[in-house]
1. How far is helix C:34-45 tilted off the main Cα axis of chain C, in degrees rounded to 10, range 0 to 90?
2. Pairs of Cα atoms under 8 Å, at least six residues apart: use those to get the relative contact order of chain A, whole percent.
3. Just to confirm the number: angle between the C-alpha axis of helix A:294-307 and the first principal axis of chain A, 0 to 90 degrees, nearest 10?
4. In whole angstrom, note down how far apart the Cα centers of the range C:1-55 and the range A:56-124 are.
5. Gap in Å between the Cα centre of the range C:72-120 and the Cα centre of the range B:32-67?
6. Could you grab the relative contact order for the range A:281-511? Cα pairs under 8 Å, six or more apart, rounded to a whole percent.
7. Under a straight-distance cross-link criterion of Cα-Cα below 19 Å, which aspartates and glutamates are reachable from B:Lys55, leaving out those fewer than 8 residues away in the same chain?
8. Could you give the angle, 0 to 90 degrees to the nearest 10, between helix A:81-96's Cα long axis and the longest principal axis of the Cα atoms of chain A?
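The values are calculated or read from the model by the stated rules, or taken from the named source; none is laboratory data. Every value quoted in this text rests on a predicted model; they were computed, and no experiment measured them. Note that we place each Cβ from the backbone using ideal geometry, even for glycine, and neighbour counts take in every protein chain shown. For accessibility, only protein heavy atoms count, side chains too; no ligands or nucleic acids. Shrake-Rupley method; radii C 1.70, N 1.55, O 1.52, S 1.80 Å.
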Amino acid sequence: MSDATVSLSIDGMDVTVPKGTMLIEAAKQAGVVVPHYCYHPSLPSPAVCRMCLVEVEKLPKMVPACVTTAGEGQVVHVHSPAAKKAREGVLEFLLINHPLDCPICDQAGECELQDFVFQEGQAGTRYADYPKRFNPVEDFGHDVLYIPNRCILCTRCVRFMDHVAEESVLTVSERGDRATISIDPAHRLDHQWAGNVVDLCPVGSLVSKDFLHKARAWDLDKTASVCPGCTQGCNIMVDTRDEVVVRLRPRPNLEVNRHFICDTGRADYRWMNRGDRLEEAAVRGEQGLEGTAWESTLERVAALVAEGEGAVTVLLGGRVSTESIGWILRLLSGRRVTAAMRVPLGDEVPLAGMANLALRAERAANLHGAQLLGAGADWHAAVASAPDTDLVILVDAPLSDTELAVVARAGAVVQLSTVAEPGLENTAVLAPITSMVEEQGVFINRDGRAQRFLPARTPPGMARPAWWVAANAWALADEARTAPATASEALAALPALDGLTHAQLGFTGRVIAPVAAGGVR
Amino acid sequence: MGYPHPIHPKETPVLSTHFGEMEARSLEGWVARGGYVALRQALEMTTEAIVDEVKASGLRGRGGAGFPCGMKWGFMPKDDGRPHYLCCNADESEPGTFKDREIIRWTPHALIEGCAIGCLGIRAETCFIFIRGEYTEPAEILERAVAEAYAAGVIGPDACGSGKRIDIFVHRGAGAYICGEETALMNAIEGKRGNPRIKPPFPAVSGLFGMPTTINNVETLAAVPHIITRGAAWYAGLSLSSPKSTGTKLISVCGHVQRPGTYEITMGLPMQELIFDLCGGMREGRTLKAVIPGGSSVPIMTPEEVAGCATDYEGIAASGSLLGSGGMIVMDDSTDLVYQIMRLARFYAHESCAQCTNCREGTAWTTRILERILRGEGKSADLDLLLDLADNMTGRTICVLADSCAAPVISGIQKFRPDFDAYLTGARAPVMVEA
Amino acid sequence: MTEHATPTEPVFTTERKARLEALATRYPTRQALLLPALWMAQQAHGWISPEAIEEIATELELTPAYVRGVLTFYTMYHTHPVGRHFIQVCTTSPCNMCGAEDVVAALLDHTGCGDLGATSPDGRFTVIEVECLGACAFVTPILINDDFIESVTPDTVADLLARYP
């Protein structure tokens, strides 16, 4: 035992935790889940649901594990008969007015009420002869619907708005069993971070209108990813149903986004399901762009790189992976390269109650990856340089009409694209690439944290990661060269990343290069 | 005196001496009755001496919990440099309890004096008297008295010319029983929903506005001036039974007695004498059926339990209930106990703050079962169900409101089961059929 | 009881604003003025209107939703207009045992309200049952507006109501 820790026993497991740790977290360390509703690690604990009551030997009453500090030598029982009866009692109370409408509830399958009742609740009810409380569904505004009949008044949503968003628009109204969550009629839940209340709701009381009745939770495949919306790099889960992305949700990362994402990021998934994807490679021939196989496509790219001696411009979209940027630049080594990432700008919208968490003004996920690899040039200057170059490599960056006209004056354009830019007559190669939800890769956020994303759906047609295209074209130039086989190898091979593999990043990432939060030119 | 009745020889009037005297309400009248001598005396004493005196008197909290007052004051930090607050709990809302109302109405300056001495005892400069919204008349009387005391310099920036600041403010509630719970009371003053807070932190560490705070009941504070002037030994000597229960206690008696009212007794007076001598016993031709001795939150007593019971903390506990706030509800044999227990459950369901699941849902469900029994639709399993729900509500929540709802249900079923069975078997005609 | 201002008129006129600011010196936070401010609003309008909620929220630097949450916790604040004379009858156990329900019936009958919570057709009265008024020895205690009246019986109801035109 040290001064900074306490040791205790929880359900027979000995555990040592830092002083000040609450029993509920200490139990997690011991591998024991204390069922709970109102407790949330990113919110203050009101201890109102009474689900987490546990027995602590020598204490006269059961105590709520969420607000009781772990003490030296305590003997805690989470699964004792008394604690179980207490939870059974709470579950019964929570269900008496619950509509039990799981078959039509979006939360079914990922509902903590369902889970804990299934785990330790009673099979029947002793409340069969009374009418249930009824309150109509309310539109809280923006993306959130409130279904009060399912509400267990855990108040996570109210506390999120009060203490995290710091915009108190939700409140508990009335008293006793008449109490509900309410919103002031003159106000809407339109805060940029308000959508988190849907995730925080442990039951199906706050639901997303966007996701309403779209899919059953058990039909969803979940893929760990990183939000491509801005330089914050919030960790997300991409939920797909039969290859279609149906929602994005926050994935906890205490260092980056705790348990939250903003509504802009949350809503920005429809592009992932675009039907007009480029599926086939093409190279310019006699008849214009002609469909072809990868082999000849790569040869043409290699030739374009080898032939010229003039400058090359690389125009990158904000979601291009570190691997792809690195390998495109390596392909071009020896040439004079101007490389820049397109970074749309927006308002910076911080989440008031959380340090260093905001929807960032720079709306590009991998800006700092680009900068680390030497692609940090001024976008406008990079576009302007195009007419004086032999070659422009356009990597999934949308261009305005004016920009198109400028790029059209370059010697040749290689498009590595998810969706073809049809207006460019000087396109020499059109190569279909995967989007970030179809490939593995790494983004580097504004704090220099490298974070992985995984493929959530099958790439369309013959699409391949941009790094794969660049690396294989690079390998063609010299028989001694071998292209990396995987994204992890592709990353590790980049000098700036110094052998870093995906496995080393885990799923919460790693700060590899503290980047001064540079402005965007 | 046994307001509104003349003084009874078995009473010990201390706090109630001047109940019913209009003149006692004014500062002038109060000073003429020996008022504010104790405050001037206390202003000359050290904090430690005041606390020691109160400790030695054995004075225990008169709001319901019976916690030793001097010990509570002693929990307040010393030299912490933060403002301290005294909250006077005048939220008297426990059904059957109306003793504080008489103190405030008849002797408002006694309370002000007690609050002022309380401030000295806990190193506070500010006292908030939280009075329930329904007490419109007492609040007006109290506010007038506070204004008088300020105008005369008794309290204020230079209380009684002592150079010490003592501010006393009246803060009105707005209809919420639970604000009588000390942490809910602080939330109400702070402009929040009157939700009880989790303890720890205890109020002496982090109370009103996050500062060290002591909360005392009206009767407790009103007793303090007497302890200062007459001495702890005198107060401690006022006891007919247990040395742990000292002084006098205001007992408000209501229900089916001849003379309902507020009586001041020496701790330990036999309950039988209180009901049958002081209050004149049952109405003509009626016999005693049950007593809820400490406000509605405590277990119900049978006539047999009443018979041998000394009216003090230990005596009532030994007889299966609690002294609580000293609000005594007496029921004669005409009482439909099941109906009254339903009324009490409905009260708690109405007053539940809605925080804790067990209380929010449990009080309402309990009420519905009792209503069903009264409608003649009860099922044989209902009593076991009520007891099981009561078990799930007892000791499981932030405050004791749920426990309070459960107490009359549990004791009612245990001690008066035939009353319930009469409805369940159809031996008794259903009531509430329209509900 | 005075005639109330219409809910669109501000609560914090010069006089009430001055009273509010005088109270503000008692507390370290403006939020602590919430219960007093709500009382002032009810005094001004007879009930607490959405406009009053907005105004109080602005005065006390709170959000309207927060104010609503607090206001609905305390049962003495009216969120709807009520009769000119608002009658609260205690019907908790001690009063109930001693005849409070008969007083309620007499009040509903004599006021013409018909139902609990309803306002009489002439707008004069609203009668509600409340939990313990804390005067259990004086059955049945009732509150008419701010007047606390003890020992009301069905027989005294008519004369009593006559004092509230």
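1. 70
2. 11
3. Helix A:294-307 sits roughly 60 degrees off the main axis of chain A.
4. The two parts, judged by their Cα centres, are 43 Å apart.
5. The range B:32-67 and the range C:72-120 have Cα centres spaced 41 Å from each other.
6. Relative contact order of the range A:281-511: 22 percent.
7. Once the sequence-local aspartates and glutamates are set aside, what remains near B:Lys55 is B:Glu44, B:Glu113, B:Glu219, B:Asp312, B:Glu314.
8. Approximately 80 degrees, to the nearest ten.
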